[in-house]
Each structure stands twice: as C-alpha cells, then as structure tokens.
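Q: Let me give you the structure first, and then I'll get to my questions.
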Amino acid sequence: MGRTGKIKFVVFLVLAIGMMGASLWYAYGTASRADLVDYVGDEVWYVSASRNVLHRLGFQLHYVHNGYEGVNVIFKDNEAKLRYQYVVEGAMLKFNGNFSSKVNYQKFPAMYLEIPQKNLGDFLAYLEEKIPQDNFYVVTGFRYPDAEGIQNYLNTEHPFLGKDFIMLAMILGGDRPIAWRIPGIILYGLLQLLVLLTAYRITRSYTASLIALFFAAIDPLLQATAVTAMLDIYVAFFVALFVFLLVYSWDMGAGFSAGLAGASKVSGAFGYPIFFLKLVRDLAPGVDWKKLARIIIVTALIGGTIVAYAEYRAAYWDKSYFLVLLVLTAVALAEFSYSSRDAVRDLAYFFTVAVFLPLLGFLIPEIPIIKVQGLDPWLRDFLGSFKWHLSYKGENPWTSPFWEWFYNANPFHFHFNPDIVASTNPTLMLFTVVAVFAVPYVWRRRGEGALIPFGVFWSTVLLFALQYAMGGKTQFSFYATALVPEATVIMGVFLYDLVKWEAFEESLLTYLLWLGRVLKVKRFVEYAENNLRKSQKILGGVHVPSFPFPPTIWAREGVRKPKKTSIRTREGGLPRKSG
C-alpha cells in the first residue's frame, strides 16, 4: 500500500469509526434517558418473559433504586392476596420499606415493594415464616407491567435467542431498563460493521462501504429497535451476519447463522431459500444432474422426517406420518448409497450445511426455555405458534402491511414524549425496487456476491407476502427491521456502480485545490492539480474555477480558458447564425 493508499485508508477508518460512534452515542443516550426508566413498547412482554424464565431457573435478579431493592410479591390468587396483603404491608413497615414506591397490581394478584438492601434477607425470611409457601412466591427485580397473567408469561410464540441476550444482561447488569437495552445497542454497532465489511467484500471500494454504513447508521428503524429491548434488532444482526458469511462463502458459518437468525424470530430465516439455492449452485458443477436431484430429494426427506417427529412429539400429527417418512427416508438412503456411491460425501456435506447446522443454530438458544418447560411442551407451543402467526389478530391502529413499509405509511410508535417510532426509510426501501432494473449490470461487474443481499432481501419480502396471503394480516412496520441490513448493502453496492462518481471526485479535488491555495499548502495544490490533470486528460494546465471568485471568472495561471462561442449577438439580443 502506497502513501496515497494509506491516506485513503486512514480517512476511510476515521469516517467509519465516526459514523458508528455517533450512532451508538445517540442510541445509548436515548436508551438511558431518565424519562425512559420504564417499559417501552413490547418490552412489557419480552422483558417480563425473560424475568419469569430466570426466576424458574433459580436466578435472583436485583434492581436497586436509591439503596432499596425491588421485590415483586406474587400471590396464588386474589383470595390469597386479600388474606395476606396485610402481612406484606406489616413487613414493609417493620423493615423500613419505601411506601411511596409500592405498586398494588390490579390485573394480577401481586404487589411491588422496595426494601432497604441490608434488610432484604430478613424481609424475605419474615414472609416465608408468616405466609404459607403454597400461597405466594417472590420475584426480585424491576416491577412488572400491570397486565393480566404477566407473572406466568413466557413468550413461547417467538423463539428465544433475543430473550437469551436480555436474560444475560439482567444477570450481569441488573434488572433495570438500561441493562435490558445494552445488548441490542452493542449488536447495532456490530451490525454496522458487518454491513461495512459485506459491501467492501463485494466492491473492494471504500466509497461503496461507507455509503452502506451511512444508511445503516442513520436508519430510523434500526435506531428505534436498538434502544428498546425487543427482538427485532437481534433479527437484524443475525440476518446481517448470515449475509456477511454468505458473501464471504463461509457456507458452514452461514448455515449456523441462518439458524441463529431464525432463533431470534422466525422471520429471520426468510432468507434461507437463497442459501439453499447457493448450495445447489455450488454443488452442481461437481455432480451430474441426476445425482444432484437425488441429493436434494434425500435431504428433503430427512428434513421432513425431523419435522414429522417434532409434530408427533407435540401431539399435532399421528405417529403414522413419522413412520411413513422414516421408511421412505431409509429406502431413499439405501438407493442412494447403491446408485450414487461416489456422491455420498456430497450428500453428507449438503445435509450438514443445509439442515443440521441451521437446526443446531436454532436449537442451542432454546435450551433455557426447554429446561423450564420440557421438550414436548416447548415443541407444542412453538409449532402451535405458526397458527398464531398466520392468524388475523383484530383491529389495531398501527397495522402496516408489508407493502406499506416501502413508503413508511403507518409507522409503529413504541413511545410518545420522547417519541420512539419504528419508521422505515423510504429512500432506502424504494431504492431496492429501482435496483431490480440494474441487476444484470451490477451482476456482470461484481459477480454473484452482489446478488446475495439482493436475493435475501426479496426472499424475505416474498415470505412476508406469503404470510399475509395465508391470513397473517396483522403486520407492523418494525417487522421490516429484518430487511434493513440487506437493503443498506444493496444501496452501497448498486449506488456505487450506477452513479458517475468522477463528477464527485473532480469536485472534491477542486475544493482541495481551492483550500490549498487559500491556506498556501503546496502539497494540497500539487496533489489536486496532478489528479485533476489525470481526470481531465489534459497535458498542460488544469481547467478549474478560481476561488474565491464566482465560477464565471477563471484562474489566470495554469488553466485552460473556455472556448469562444461561434454565436454572436446583435441589437435586440437575438443570436446571429454563424457562417
């Protein structure tokens, strides 16, 4: 790398760090605001579920406020609350509790209290002595939202990876709002880095990478989901990781990350068809089409058998479906090992990358909730959630079908005053539509790597459209978070190839020349003049407007003066034709 290359790299690094740093500073500043020390948006569900799971796993969380520890005393039912509420209030008085912070929940039988840290152990021991154990239990930490059944809610309609991050933050940083949100902010920063590296891998251009990073750093949807402890920022991060690994052709890592994306929310796996097609495309040159077809069929049968077994364990399908598929799979494997013996390794690799690693990536994050519920109840809840996802959930003022995400028709409001709104960026989203008409051009210039983010984006859109067509018409603008990482890479790559950047380069060099002349920096002047001479393909002087005069006044030294026009004027201001 020469001197010029080093300078460009330093400028690139400074701009990248500046953009990422500014976006993270804004995100942390918003998430830690004093008027947001409460639940924001769907934090009421995801945080409460995380707290409930940790309690059932035996963790004791802590929320400390002005020297007091938060305690939720939860009764068996309303009758038990009426009978023993006075015992709790007496204990508060006995151990100097903070009565001004007491919350008497109305929608479920519980109370929230704050007890001095030094007295917490004695307070809990007193309750255990005075109230029968089967009539109450205690969950230490932040207060619950006042919602019916929230003390038992586990959010099993969504996979658990996002809540794993929230639970880890609660254990390490305490059960408090800023701790819930820190993992999302960190992954927001890492997402931007992945976008930057993905765009650079495709184009080998600092400019394209910075364009992609810029749109990720300023995206309102990423910002809104990063400052709230919701699942969508985790979906976006793991989708970005999936695209990054695909572009770098790390297929095993991409398979595992596809499972992780789906373990954040099912929509995170909507880009999987592109991954499957890429695996088939990569395998095709090495085997003939008949063997390739057999590999796909056997893999599909194994996958179907796994699904049938899960449905059987969940008591949704009869055992006969599983047994039939198991026999068909065994027959197909036997036939394959006989007729395509030389392709057994190809089958093993294809199955591992296309099925086993995504399944492993999906299941590992589910271990905490499986430990709490048990395998069969968890399977029953998870598989049953597909019916919920494909159902209409009634009128909602913030409903936004997938096509409205492209022009930000009805953004979801997480919070008012301060406003935290899940707005999409119409410029970014609509550009992906325009980019459809330039795919062959960019494909020829950048190769198949440029098609990956484009394919993942539209695969995700089409599967959201399928969800809508099958009855899941209750969609919201923040669902589009899964589309943003791919869209920013598309913006960087396609915009870089479609725009004539020479105009900007010459203008920037002109500004540098002006600056060098004003500040009398010879190095600036020489660098700008040399590069302008190359860009304008002039052997002599450089054609550039003089600074600080208007562009109509030309520099006298070292410039080429404008050509004289052959059109002359006469009285009345009308032109006279030459010749």
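Q: Collect the residues in segment 207-241 that are part of a loop (DSSP other than H, G, I, E, B) and under 11 Å from the mean Cα position of the chain (by Cα), keeping them in residue-number order.
A: Listed by number, the residues that qualify are Met230, Leu231.
Q: Can you name every residue in segment 396-420 that is farther than 16 Å from Ala487 by Cβ, among the hydrophobic types (A, V, I, L, M, F, W, C) and not in a strand (DSSP E or B)?
A: The answer is Trp398, Ala409, Phe416.
Q: Separate question: Which residues, taken from segment 458-483, are touching a residue at least 60 places away in the same chain (Cβ under 8 Å), of a type in the set (Phe, Trp, Tyr) and in contact with a helix residue (DSSP H, G or I) (Cβ under 9 Å, 6 or more places away or on another chain)?
A: Phe464, Tyr468, Phe478, Tyr479
Q: Residues of segment 192-206 being assigned to a loop (DSSP other than H, G, I, E, B) and open to solvent by less than 20 Å² (accessible area, probe 1.4 Å), which ones?
A: Passing the criteria: only Ser205.
Q: Restricting attention to segment 105-135, report how many residues are open to solvent by less than 60 Å² (accessible area, probe 1.4 Å) and either free of Cβ contacts under 8 Å to residues at least 12 places away in the same chain or under 20 Å from Tyr63 (Cα atoms) (or both).
A: Selection size over segment 105-135: 16.
Q: Please go through segment 136-152 and pick out each residue that is aromatic (Phe, Trp, Tyr) and buried (at least 19 other Cβ atoms within 10 Å of the Cβ).
A: Residues satisfying the conditions are Phe136, Phe142, Tyr144.
Q: A further question follows. For segment 32-50, which residues satisfy the criterion of being closer than 11 Å to Arg176 by Cα and either free of Cβ contacts under 8 Å to residues at least 12 places away in the same chain or not aliphatic (A, V, I, L, M) (or both)?
A: Ser32, Asp38, Tyr39 - these are the residues of segment 32-50 that are closer than 11 Å to Arg176 by Cα and either free of Cβ contacts under 8 Å to residues at least 12 places away in the same chain or not aliphatic (A, V, I, L, M) (or both).
Q: Still on this structure, please answer the following. Only one of (1) farther than 23 Å from Arg51 by Cα; (2) open to solvent by less than 50 Å² (accessible area, probe 1.4 Å); (3) touching a residue at least 12 places away in the same chain (Cβ under 8 Å) fails for Lys94. Which number is that?
A: Here Lys94 meets the rest and fails (2).
Q: Looking at this structure, is Pro365 closer than 30 Å to Gly253 by Cβ and out of contact with any helix residue (DSSP H, G or I) (no Cβ under 9 Å at 6 or more places or on another chain)? Spell out the reasoning first.
A: Numbers: closer than 30 Å to Gly253 by Cβ: yes; out of contact with any helix residue (DSSP H, G or I) (no Cβ under 9 Å at 6 or more places or on another chain): no.
Criteria not met by Pro365.
Q: Just checking, which of Val44, Val71 is modelled with pLDDT of 95 or more and either among the acidic types (Asp, Glu) or open to solvent by less than 20 Å² (accessible area, probe 1.4 Å) (or both)?
A: So the residue among Val44, Val71 that is modelled with pLDDT of 95 or more and either among the acidic types (Asp, Glu) or open to solvent by less than 20 Å² (accessible area, probe 1.4 Å) (or both) is Val71.
Q: Among the residues of segment 387-442, how many are among the aromatic types (Phe, Trp, Tyr), more than 18 Å from Asp42 (Cβ to Cβ) and open to solvent by 60 Å² or more (accessible area, probe 1.4 Å)?
A: Qualifying residue count for the region: 5.
Q: Identify the residue in segment 249-265 that is open to solvent by 40 Å² or more (accessible area, probe 1.4 Å) and in a helix (DSSP H, G or I) and, among all such residues, is farthest from Arg341 (Cα to Cα). It would help to see each step written out before you state the result.
A: Step one: list which residues in segment 249-265 are open to solvent by 40 Å² or more (accessible area, probe 1.4 Å), which gives 249-250, 252, 256.
Applying the additional criterion that residues be in a helix (DSSP H, G or I) yields 252, 256.
Details: Met252: 23, Phe256: 27 Å.
Going through the qualifying residues, I end up with Phe256.
Q: Leu172 - would you say it is assigned to a helix (DSSP H, G or I), more than 22 Å from Val456 (Cα to Cα) and free of Cβ contacts under 8 Å to residues at least 60 places away in the same chain?
A: yes
Q: Same structure, new question: Restricting the search to segment 266-301, which residues are over 30 Å from Val331 (Cβ atoms) and assigned to a helix (DSSP H, G or I)?
A: Matches in segment 266-301: Val266, Ser267, Gly268, Ile274.
Q: State yes or no: is Phe524 open to solvent by 50 Å² or more (accessible area, probe 1.4 Å), farther than 27 Å from Ala438 by Cβ and either hydrophobic (A, V, I, L, M, F, W, C) or in contact with an Asp or Glu (Cβ under 6 Å, 6 or more places away or on another chain) (or both)? Talk me through it step by step, then tell me what you get.
A: On the way: open to solvent by 50 Å² or more (accessible area, probe 1.4 Å): yes; farther than 27 Å from Ala438 by Cβ: yes; either hydrophobic (A, V, I, L, M, F, W, C) or in contact with an Asp or Glu (Cβ under 6 Å, 6 or more places away or on another chain) (or both): yes.
Taking the combined requirement at face value, the residue satisfies it.
Q: Follow-up. Suppose we filter segment 153-169 for residues that are part of a loop (DSSP other than H, G, I, E, B) and either open to solvent by 30 Å² or more (accessible area, probe 1.4 Å) or more than 25 Å from Gly259 (Cβ to Cβ) (or both); how many remain?
A: 2
Q: Please enumerate the residues belonging to segment 142-170 that are under 10 Å from Val47 (Cβ atoms) and in contact with an Asp or Glu (Cβ under 7 Å, 6 or more places away or on another chain).
A: The one that is under 10 Å from Val47 (Cβ atoms) and in contact with an Asp or Glu (Cβ under 7 Å, 6 or more places away or on another chain): Phe142.
Q: With respect to the numbered conditions (1) loosely packed, with under 15 Cβ neighbours inside 10 Å; (2) among the hydroxyl-bearing types (Ser, Thr, Tyr); (3) closer than 24 Å to Asp164 by Cβ, which one is the sole condition not fulfilled by Ser337?
A: For Ser337, the failing item is (3).
The values are calculated or read from the model by the stated rules, or taken from the named source; none is laboratory data. The structure presented is a predicted model; accordingly, all values stated were derived computationally and were not measured. Here Cβ is always computed from backbone atoms with ideal geometry, including for glycine, and neighbour counts include all displayed protein chains. For accessibility, only protein heavy atoms count, side chains too; no ligands or nucleic acids. Shrake-Rupley method; radii C 1.70, N 1.55, O 1.52, S 1.80 Å.
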